[in-house]
Structure formats: structure tokens, C-alpha cells
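For reference, the structure is listed below as C-alpha cells.
The values are calculated or read from the model by the stated rules, or taken from the named source; none is laboratory data. Predicted model only: the values in this text are computed from it and were never measured. Positions of Cβ are backbone-derived with ideal geometry, glycine not excepted, and every protein chain shown enters the neighbour counts.
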């Protein structure tokens, strides 16, 4: 039962994280070249998105626990570990690239002289995180798929 709860939680939190990431990824082409005033205005739609940190933490913790629970199941462990590493990478990207841009712009309420570089840093860090979230979700899905005995026979 505990294993199923962690599988469900991992899939749910990762899917929720991916949904936010995909929003950033899909809006990037339309936002990356906006004027200073337009960009500052558009960035205000993210007020309150800091609460998504709960989703990121939920994904990280549930996948970490799941990785420990499936450590003796070779296939499940490998895919779950990949998912965990992807989620850890999204956190590294956030703290190294996204968060500093948020700090320098006071969460995009002011635009310093280097705002164009900060915009690129912020937008592309979110895009990379979306790709990693997608990879994590795919890995988690693969970790729960049953082994296909026919495929195993072909491989051997």
C-alpha cells in the first residue's frame, strides 16, 4: 500500500510540476522578445506562483522515498533514480539561475540595466526545467509499467 501511495504521489507531483513548466516553455517564444514595459507587465501573472514550491518539494520527497522503496527492483529503481536525478537537476537550475534573476528584479517588479540577460536566464532556466520535468515523468511512467515477457524473450 505504501508503495502505491508513493507511486501515485510521485506521478501526481511530477505531473503538476510539469504543467507549470510547460506553461513557461510554451509562452517563451511569445515573451522572449517583448519590450521592457510589456515584459514587466506580463511577468505579473506569476504573482503567487511561489506556492508551486510545495509541488516541487512534494515531487522531490515522494520520488526520493519511492527510490528507496524500489531499490531492490532493478528496472523500477533505475527509472525512479533517473526521475529523482531530473527533479534534483530542476532544483539546481532554479537556485542557480531562476532564483537569482527573481532576486535581482524583485520578482520582476523592477528591471535593472541587465534585464535582457536576466530575462534570458529566467526564461531558459524554466524551459530546461520543463524538459527535465518531462523526462522525470516519463521515467516514472516507465518505472511502473509491467515487464513485457515477450519483449524480455526477444532481448534474450
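Just a few scattered comments:
- Some residue of the stretch 82-92 being assigned to a helix (DSSP H, G or I), at pLDDT 95 or above and out of contact with any helix residue (DSSP H, G or I) (no Cβ under 9 Å at 6 or more places or on another chain): yes
- Here residue 95 clears all of (1) touching a residue at least 12 places away in the same chain (Cβ under 8 Å); (2) under 23 Å from residue 61 (Cβ atoms) except the condition numbered (1).
- If the condition is being surrounded by 13 or more Cβ atoms within 10 Å (Cβ to Cβ) and either in a helix (DSSP H, G or I) or at pLDDT 95 or above (or both), then the stretch 93-107 contributes 93, 94, 97, 98, 99, 100, 101, 102, 104, 105.
- Of the residues making up the stretch 32-77, those that are part of a helix (DSSP H, G or I), in contact with a helix residue (DSSP H, G or I) (Cβ under 6 Å, 6 or more places away or on another chain) and in contact (Cβ under 8 Å) with a residue 60 or more places away in the chain are 59, 63, 66, 69, 76.
- Every condition in (1) under 25 Å from residue 119 (Cβ atoms); (2) buried (at least 16 other Cβ atoms within 10 Å of the Cβ) holds for residue 82 except the one numbered (1).
- Selection within the stretch 17-31 - in contact with a helix residue (DSSP H, G or I) (Cβ under 7 Å, 6 or more places away or on another chain) and surrounded by fewer than 18 Cβ atoms within 10 Å (Cβ to Cβ): 22, 28, 31
- Test: residue in the stretch 126-140 that is in a helix (DSSP H, G or I) and modelled with pLDDT under 95: no
- Any hit, the stretch 108-121, residues being within 20 Å of the chain's Cα centre (by Cα), crowded, with 17+ Cβ neighbours inside 10 Å and touching a residue at least 24 places away in the same chain (Cβ under 8 Å): yes
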